[in-house]
């Protein structure tokens with residue numbers, strides 16, 4: 001079976017081989033060499049001068065951690081445009097924070113002016129944004145939103161880039177992002193279970209003043225251990241070996257070339273959608289570069305399509321998330337996919353589509 005779902009995505013044999021390397025002590029010199037050795041490339045990928053922290057968790061661990069570290073007595077504005085960004089409001093409330101929803105219709109992006117109007121009310125400590133909402137295939141205009149945040153220097157910007165990291169440029173320092181986080185299982189094409197994040201000096205300053213940060217996701221603990229090329233808790237060494245291997249792949253290909261490849265494979269999917277008479281769920285100009293949410297305007301039996309695709313070709317795609325199940329289906333081109341593999345997927349779907 002081969003996965004073309006929006007995560008986890010297909011993992012290469014090379015990455016799996018690295019994942020299966022023998023264990024080393026996580027407080028040993030060998031581990032420090034491994035951990036410290038990947039920092040320069042991680043910083044280049046994040047486009048930051050700050051250290052990049054590794055957390056043995058899904059990205060949601062760091063997403064919750066960002067709330068606990070950056071939101072004190074003020075409010076947090078949760079930008080919501082799909083299933084995963086909507087969930088951040090619930091997480092904020094469960095952390096006991098004063099959470100405010102900026103809700104737009106599923107399929108629409110978050111716009112800078114909407115963020116500005118909310119922040120003008122005052123009293124906000126942070127804004128959360130999922131850059132690329134995988135449930136709807138919408139990519140919100142990050143640069144536009146980051147520019148608005150410059151007008152509110154007391155507010156920290158937290159950005160989830162799990163399905164856009166290494167797909168499109170995200171210059172963390174240039175944009176003024178305070179926490180940029182991603183996970184291993186989507187755009188990076190690694191097994192699930194590792195989160196990566198970087199925090200600005202402003203974010204670390206805020207974290208040091210906030211009480212109730214907990215321990216496992218305490219940014220200050222990460223900072224202290226990072227100085228010794230270590231993690232606060234026992235890390236998944238296998239994931240870090242896999243990450244080292246994946247960084248080799250990314251830099252061998254070239255970051256700009258990786259971005260261009262995703263653009264080409266994404267365009268192939270878009271051409272197929274238009275040619276087959278389907279619609280896009282996301283509007284023009286705000287469509288993801290790593291996956292496509294296809295509107296089922298033709299009224300096909302999506303469940304039957306998925307079953308036939310799996311049976312005949314061994315390919316697995318997604319039949320729509322949550323309330324969009326059956327009304328949409330999603331095709332991923334993220335990770336290691338290229339023109340050949342995406343073309344093979346589209347041909348297989350053609351074989352299984354009703355006339």
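Throughout, read-outs are computed from the coordinates displayed, never taken from laboratory work. All figures in this text were calculated on a predicted structure; none of them were measured in a lab. FYI the Cβ positions are ideal-geometry reconstructions off the backbone, even for glycines, and counts take in every protein chain you see.
Data for the structure
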quantity	calculated
Ranked list, fewest to most other Cβ atoms within 10 Å of each Cβ, for 230, 139, 190	230, 139, 190
222 nm mean residue ellipticity, helices alone, for the chain (DSSP H n ≥ 4; -39,500 (n - 2.57); rounded to 500)	-12500 deg cm²/dmol
Max mean-square fluctuation residue, GNM over the chain, Cα-Cα springs under 10 Å, options 307, 282, 295	307
Fluctuation leader among 330, 206, 27 - the chain, Gaussian network, Cα springs under 10 angstrom	27
Kirkwood hydrodynamic radius of the stretch 166-294, from inverse mean 1/r over distinct Cα pairs, in Å	17.6
GNM result for the chain, Cα springs below 10 Å: residue of 260, 126, 189 fluctuating most strongly	260
Cβ-Cβ FRET estimate between residue 32 and residue 58, R0 fixed at 25 Å, reported to 0.05	0.50
Label-to-label distance, nm, for residues given as residue 118 and residue 105 (7 Å Cα→Cβ offset)	1.9
Share, in percent, of DSSP beta bridges within the stretch 256-355 that are antiparallel, nearest 5	90
Calculated FRET efficiency for the pair residue 327/residue 256, C-beta based, R₀ 35 Å, to 0.05	0.45
Exposure proxy ranking, count of Cβ atoms within 10 Å, fewest first, for 13, 178	13, 178
Mean shadow area of the stretch 91-167 over all directions, Cα convex hull, nm²	5.5
Percent of beta bridges antiparallel (DSSP, the stretch 146-229, rounded to nearest 5)	55
Ellipsoid semi-axes in whole angstrom, largest first, where each is sqrt(5λ) of the Cα gyration tensor of the chain	33, 26, 16
Sites residue 87 and residue 276, calculated FRET efficiency, Cβ-Cβ separation with R0 41 Å, nearest 0.05	0.80
Over the stretch 1-106, volume per residue of the alpha carbon convex hull, in Å³	180
Two-decimal Rg to Rh for the stretch 216-355 - Kirkwood Rh, Cα set	1.10
Antiparallel %, DSSP beta bridges [both residues in the stretch 13-251], to 5	35
